[in-house]
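First up is the structure itself, then whatever we jot down about it.
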Amino acid sequence: MHRLCTTRNVRAALVTLALAGALSASFAAERFPYDRQFMLDARPMKGSKRIPVIEVGTRGEARIDLWCNTIQAQLVVVDDTVTILTGQKTEGQCDAERMRADEDMIAALEQVTNWQLAGDVLTLRGARNLRFRLSTN
């Protein structure tokens with residue numbers, strides 16, 4: 001009887017460890033990708049090679065290069081939710097179309113509520129979904 005209980009305890013412990021490992025792997029896959037740089041999944045606007053880039057630091061501090069300007073931001077991430085608090089933007093000299101695109105991008109970022117990472121694609125979800133690809137440079 002004693003040996004049977006020990007075998008059951010060992011099996012139970014192994015099953016528990018396997019489940020904990022699977023949950024940890026699942027959790028790790030769902031962690032926000034801090035300390036990375038992502039480029040908006042879009043083509044450059046006419047007359048420019050620039051594409052918006054978001055670089056997120058280890059504490060959620062971010063630098064966001066827009067179509068024309070750059071803003072500092074803070075990302076507050078809890079599980080799959082995210083709030084983006086935007087700061088002051090630089091005052092670059094660009095054409096009206098790119099300036100409007102900056103304002104539209106800032107508005108979309110401020111409305112983001114959730115995030116998802118699938119491979120090298122970070123999707124920020126809100127009133128408008130924004131897809132960013134991991135920068136490889």
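At a glance:
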read-out	value
Matching entry among Arg125, Arg98 (being more than 11 Å from the chain's Cα centre (by Cα) and of a type in the set (D, E, K, R))	Arg98
Given (1) free of Cβ contacts under 8 Å to residues at least 24 places away in the same chain; (2) exposed (fewer than 13 other Cβ atoms within 10 Å of the Cβ), number of the condition Gln72 does not satisfy	(2)
Hits in region 38-74 (condition: part of a loop (DSSP other than H, G, I, E, B), among the charged types (D, E, K, R) and either closer than 21 Å to Arg98 by Cα or touching a helix residue (DSSP H, G or I) at 6+ places or on another chain (Cβ under 7 Å) (or both))	Asp41, Arg43, Lys46, Lys49, Arg50
Residue pairs meeting the criteria (Cβ under 6 Å; at least 6 apart or on separate chains; first closer than 21 Å to Lys89 by Cα, in region 103-128; second surrounded by fewer than 13 Cβ atoms within 10 Å (Cβ to Cβ))	Gln111/Ala127
Residues being part of a strand (DSSP E or B) and either exposed (fewer than 12 other Cβ atoms within 10 Å of the Cβ) or at positive phi (or both) - total across region 75-86	2
Matching option when the condition is under 17 Å from Arg131 (Cα atoms), surrounded by 16 or more Cβ atoms within 10 Å (Cβ to Cβ) and in contact with a Lys or Arg (Cβ under 6 Å, 6 or more places away or on another chain), among Trp115, Trp67	Trp67
Some residue of region 89-106 being under 14 Å from Pro52 (Cα atoms) and assigned to a strand (DSSP E or B)	yes
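Quick note: the coordinates plus some simple rules give every number you see, no bench work behind them. Remember, predicted model here, so these are calculated numbers, not experimental data. Cβ coordinates were reconstructed from backbone atoms using ideal geometry, including for glycine residues, and neighbour counts include every protein chain displayed.
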